[in-house]
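So the structure is just underneath, and the comments pick up after that.
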Amino acid sequence: MPAADTDRPRPKSVDPKNKVFALIRSRATAGPLEELAAKRKNIHIVVTDMSNPRKLDEAAAEVAKVTGGSLDVLILNAGSAGPETSTLPPSAFHGREDALENEIHENIKNNLLSNIYLVNCFLGLVRNGVEKKIVFVSSQCGDVEFTRVTGLATLLGYSVSKAGMNVITTKFGAELAQEGIKTLSMSPGWVNTDAAKAVTGDPEIRKFMLNAFHKIDPTVEGPISVDESVTDQLQVIQNLTEADSGKFLTHHGNHDEWF
Ligand SMILES: NC(=O)c1ccc[n+]([C@@H]2O[C@H](COP(=O)([O-])OP(=O)(O)OC[C@H]3O[C@@H](n4cnc5c(N)ncnc54)[C@H](OP(=O)(O)O)[C@@H]3O)[C@@H](O)[C@H]2O)c1
């Protein structure tokens, strides 16, 4: 039986006792976040550069000052699927090896290396936290079976970087298990965010994606709302135990409900 709405987790910042930190790269693109942080004084915006471990150390020190040196849950959400060659399948890179290297390197830098820096810079705080959870927001694209069944042959660098970070997340879990630290890779679903809107706004692309996704789930009609995805994700994070540490789960907390 589905849980009653009142049992569903609410965003942590709703409870003023919680301290929530949003690491961003630029205030210029953080309008809605700024508006929320103006209303909820327990939201702290920290501007940093994920590609720079020194800056991330400074960000961690800033967080530590507010929390007294601890962090319960670290969520790695930032991610991007570029560059423009991401629309190409593998064989299209024959004779375009520079473009291939760029496709792979850009994504590995942004979606994998930066996340390792982030975990390492915040690990001291997580060690001192009560929940001790590290959660990587991955993607269906990082799953071999999802790719096999949908037949989606593009987004090479993005998919490789997400699959790679899934493995790294499991390795962090293996290394840190004896300290009680739990890690998880989680697909957020197909979610109606700015990134998704940019893609599905084109009716032809939306139709193409729906055709592919219907091979997994014939009932999918389109992306779910951000609220629905985040509520589901919070539930999975809340349920995370040592027994599930290191897994790659969907926002429903299983291995096959991708939407
Ligand atoms: N939406 C979906 O259907 C879907 C499906 C599977 C997985 N995901 C994953 O879910 C996560 C959130 O995606 P989204 O759909 O919300 O995408 P989005 O609308 O493009 O938002 C991505 C966020 O990541 C930040 N970001 C990207 N690259 C960054 C970098 N190098 N340094 C710092 N911040 C960076 C962006 O910052 P700015 O605001 O400064 O640009 C933005 O806030 C991503 O990891 C994505 O791969 C999404």
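The values are calculated or read from the model by the stated rules, or taken from the named source; none is laboratory data. Quick caveat, the model's predicted, so the values are computed rather than measured. Every residue, glycine among them, receives a Cβ derived from its backbone with ideal geometry; neighbour counts consider all protein chains shown. For the accessible areas, the whole protein counts, side chains as well, though only heavy atoms, and no ligand, DNA or RNA atoms are used. Shrake-Rupley method; radii C 1.70, N 1.55, O 1.52, S 1.80 Å.
How big is the dipole moment of region 4-158 about its Cα centre under a simple scheme where the beta carbon of each Lys and Arg is +1, that of each Asp and Glu is -1, and everything else is neutral? Debye, nearest 20, please.
840
Annotation: extensible slack from Ala198 through Ala61 equals 45.8 nm (criterion: 0.36 nm per residue apart, minus Cα-Cα distance).
Rounded to a whole number, what % of the accessible area of region 51-122 do carbon and sulfur atoms account for, probe 1.4 Å?
Values: 2040 of 3870 Å².
That share works out to 53 percent.
Could you sort Asp194, Asp72, Asp143 by their accessible area in this structure, using a 1.4 Å probe and putting the largest first?
Details: Asp194 125, Asp72 60, Asp143 35 Å².
I get Asp194, Asp72, Asp143, largest accessible area first.
Of all alpha-carbon pairs in region 106-185, indicate the percentage at a distance above 20 angstrom.
Values: 1118 of 3160 pairs.
For region 106-185, the share of Cα pairs beyond 20 Å comes to 35 percent.
If only the Cβ of Lys and Arg carry +1 and only the Cβ of Asp and Glu carry -1, the dipole of region 196-259 around its Cα centre is close to 240 debye.
Sort 225-231, 168-174 for me by packing, meaning the mean count of neighbouring Cβ atoms within 10 Å per residue, highest on top. Don't skip to the end; give the middle numbers.
Values: 225-231: 15.3, 168-174: 18.4.
Ranking the peptides 225-231, 168-174 by packing returns 168-174, 225-231.
Each distinct pair of alpha carbons in region 1-138 adds a 1/r term; the inverse of their mean, the Kirkwood radius, is 17.2 Å.
How large is the dipole of the chain about the Cα centre if only Lys and Arg carry +1 and Asp and Glu carry -1, each at its Cβ, rounded to the nearest 20 debye? Intermediate values should be presented prior to the final figure.
Working: 27 positive and 33 negative charges, 155 e Å.
Computed about the Cα centre, the dipole is about 740 debye.
Each other residue within a Cβ distance under 13 Å of Val167 adds +1 if Lys or Arg and -1 if Asp or Glu, for a net charge of +1. Over all pairs of different C-alpha atoms, region 36-116 has a mean inverse distance whose reciprocal, the Kirkwood radius, equals 15.5 Å. Only aspartates and glutamates eight or more places from Lys39 in sequence, or on another chain, were considered; those with a Cα closer than 14 Å are Asp15. Quick check for you: which residues of region 232-255 have the amide N under 13 Å from the point 7 Å beyond the Cα of Arg40 toward its beta carbon? Only 234 fall inside the zone, counting backbone N under 13 Å. On full extension, the segment bounded by Lys207 and Thr154 gains 17.5 nm, given 0.36 nm per residue less the C-alpha separation.
Across the alpha-carbon set of region 3-81, the Rg to Rh ratio works out to 0.99, Rh being the Kirkwood radius.
Under a 5 Å amide H cut-off, with hydrogens placed 1.01 Å from N, Leu74 pairs with Lys133, Ile134, Val135 among residues at least 5 apart or on other chains.
The long axis of helix 203-213 is offset from the longest Cα principal axis of the chain by roughly 80 degrees.
The candidates Leu33, Leu240, arranged from most to least accessible area with a 1.4 Å probe in the full protein assembly, appear as Leu33, Leu240. Distance from the alpha carbon centroid of region 117-141 to that of region 9-41 works out to 18 angstrom.
Under 8 Å for C-alpha pairs, at least 6 residues apart: give me the relative contact order for region 112-259, rounded to a whole percent.
Working: 200 pairs, mean separation 40.8, N = 148.
It comes to 28 percent, rounded to a whole number.
A Förster radius of 25 Å combined with the Cβ-Cβ distance from Ile24 to Asp98 puts the calculated FRET efficiency at roughly 0.20.
Counted residue by residue at 0.36 nm each, then reduced by the alpha carbon distance between them, the extension gain from Arg127 to Thr87 reaches 10.4 nm.
Between the residues Thr169, Ser26, Gly222, the greatest Cα displacement towards the positive end of the dipole of the chain, with unit charges on the Cβ of Lys, Arg, Asp and Glu, is found for Ser26.
Need one number: the % of Cα-Cα pairs in the chain sitting beyond the 32 Å mark. Of all Cα-Cα distances in the chain, 23 percent exceed 32 Å.
At most 15 other Cβ atoms within 10 Å and a DSSP loop assignment: could you name the trypsin sites (Lys or Arg not before Pro) in region 182-257 that fit?
Details: sites: Lys182, Lys197, Arg206, Lys207, Lys215, Lys247; in loops: Lys215, Lys247.
Within region 182-257, the qualifying trypsin sites (Lys or Arg not before Pro) (loop, at most 15 other Cβ atoms within 10 Å) are Lys215.
Rolling a 1.4 Å probe across the protein heavy atoms gives the chain an accessible surface of 55 Å² per residue. Shown in residue order for region 102-110 are the 3J(HN,Hα) couplings computed by the Karplus curve 6.51 cos²θ - 1.76 cosθ + 1.60 at θ = phi - 60°: 5, 4, 6, 4, 4, 6, 5, 4, 7 Hz (x for Gly and Pro).
Which FRET efficiency value, to the nearest 0.05, is calculated for Asn52 and Ala177 with the Förster distance at 35 angstrom and r the Cβ-Cβ distance?
Details: r = 29 Å, r/R0 = 0.83.
FRET efficiency, Asn52 to Ala177: 0.75.
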